[in-house]
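> Structure in structure tokens, see below.
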Amino acid sequence: MALDRELVGRSYPPSAVYEVGRAKIAEFATAIGSDDPVHRDVEAARAAGHPDVVAPPTFAIVVSLEAAMVVLQDPDVGIDYGRVVHGEQRFAHHRPIRAGDRLVATTTIDAARTVAGNDMLTARVDLATEDGEPVCTATSMLVARGIA
Amino acid sequence: MSVGAGSIEVGSELPEQVFRVTRADLVRYAGASGDFNPIHWNDRTATAVGLPGVIAHGMFTMALAGRAVTAWTGDPSAVVEQHVRFGRPVVVPDDDEGAEVTVRGKVGALLDDGRARVDLTVTSGGDKVLSLARAVVTLA
């Protein structure tokens, strides 16, 4: 089924608040093998000019990918999750994510097209604090491979 | 250590970084990221969907590319943009050696406001696994 171009620009209601914890940042930093103390040690982070420990740059995916998935649950999109692969990922950081952030994700469809039977959907997730301060724009291009 | 704006120019190279990725790393990343797709830990599922075997999370490879950049800048918060296109999967065998991911990079452009664009080449087993990999960093 070809994706409907009318989907472009569609936005979804904001997510529940995701509260960023120090332990989660440390766990993520360990998982990607980063030993930088700014991910674990509040004093080191403060010495580097941050109010609290900061997350590695790709940590935003922990919050944004689940938010992007709301698009796949939209009955008008009609993509089978089992066929979906991650085609492309982009982050624009307005400032580092840090412990204590209370983040809200708002998802918008930026592009939708069907090429050679493959559905390609670009979901933009704007991460902002509860108070509306922009933190990160995470854009995921998802590809649903056509059934041969 | 951080990279000063005065000391770099277009073509400046980042130190090459080689990362070893084992199944244990994928399990740990699955837990930390919340991405429990079985193609990243279960051979039966991976081969059933046509993959040669268990593959690394694309986002794990992106994170390693990010580490090569932050190791160079000396400051994780210097990365203001990152963009990758996933080309080929990183196949991770079920042994102690796992797979090797190599990240090379060089400065592709100097931008306004003391920023630079870094163009990365990310390979595993000689194959390019990210068909596009770029970062924009703020120079100290």
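> Based on this model, can you work out whether A:Glu6 counts as at pLDDT below 95, part of a helix (DSSP H, G or I) and charged (D, E, K, R)?
yes
> Could you please let me know if B:Gly74 is under 22 Å from B:Val137 (Cβ atoms), touching an Asp or Glu at 6+ places or on another chain (Cβ under 6 Å) and either free of Cβ contacts under 8 Å to residues at least 40 places away in the same chain or of a type outside the set (A, V, I, L, M) (or both)?
no
> Consider segment A:12-47. How many of its residues are polar (S, T, N, Q) and either in contact with a Ser or Thr (Cβ under 7 Å, 6 or more places away or on another chain) or under 18 Å from A:Leu65 (Cβ atoms) (or both)?
Looking only at that region, the number is 1.
> Only one of these conditions is not met by A:Gln73: (1) within 16 Å of A:Ala16 (Cβ to Cβ); (2) surrounded by fewer than 16 Cβ atoms within 10 Å (Cβ to Cβ); (3) touching a Lys or Arg at 6+ places or on another chain (Cβ under 9 Å). Which number is it?
(3)
> Can you list the helices (runs of 4 or more DSSP H) lying wholly within segment B:12-110 that have 1 or more residues being of a type in the set (A, V, I, L, M) and facing another protein chain (nearest Cβ under 7 Å)?
B:23-33, B:58-73
> Answer with yes or no whether A:Thr30 is touching a helix residue (DSSP H, G or I) at 6+ places or on another chain (Cβ under 9 Å), surrounded by fewer than 22 Cβ atoms within 10 Å (Cβ to Cβ), within 14 Å of chain B (Cβ to nearest Cβ) and at negative phi.
yes
> Hey, among the residues in segment A:68-111 that are small (Gly, Ala, Ser) and free of Cβ contacts under 8 Å to residues at least 60 places away in the same chain, which one's nearest to B:Val137 (Cα to Cα)?
A:Ala92
> Further question on the same structure: Of the residues B:Arg28, B:Arg44, which single one is without any contact (Cβ under 8 Å) to a residue 12 or more places away in the chain and within 17 Å of the chain's Cα centre (by Cα)?
Among B:Arg28, B:Arg44, only B:Arg28 is without any contact (Cβ under 8 Å) to a residue 12 or more places away in the chain and within 17 Å of the chain's Cα centre (by Cα).
> Just to be sure before I move on: is B:Val80 within 27 Å of B:Phe36 (Cα to Cα), in contact with a strand residue (DSSP E or B) (Cβ under 6 Å, 6 or more places away or on another chain) and at pLDDT 95 or above in the structure I sent?
no
> Moving on to the next point. For segment A:24-42, which positions are under 14 Å from A:Val54 (Cβ atoms) and assigned to a helix (DSSP H, G or I)?
Passing the criteria: A:Lys24, A:Ile25, A:Ala26, A:Phe28, A:Ala29, A:Pro37, A:Val38, A:His39, A:Val42.
> Please state which one of A:Ala67, A:Ala60 is within 21 Å of A:Thr129 (Cα to Cα), of a type in the set (Gly, Ala, Ser), assigned to a helix (DSSP H, G or I) and within 10 Å of chain B (Cβ to nearest Cβ).
Only one candidate passes the filter, namely A:Ala60.
> I've got another one for you. Just the residues that are out of contact with any strand residue (DSSP E or B) (no Cβ under 7 Å at 6 or more places or on another chain) and free of Cβ contacts under 8 Å to residues at least 40 places away in the same chain, please, taken from segment B:96-124.
B:Asp112, B:Asp113
The values are calculated or read from the model by the stated rules, or taken from the named source; none is laboratory data. This one's a predicted model, so the numbers in the text were calculated from it and none came from an experiment. Because the Cβ atoms are built from the backbone with ideal geometry, glycine has one as well, and the counts that use them run over all protein chains shown.
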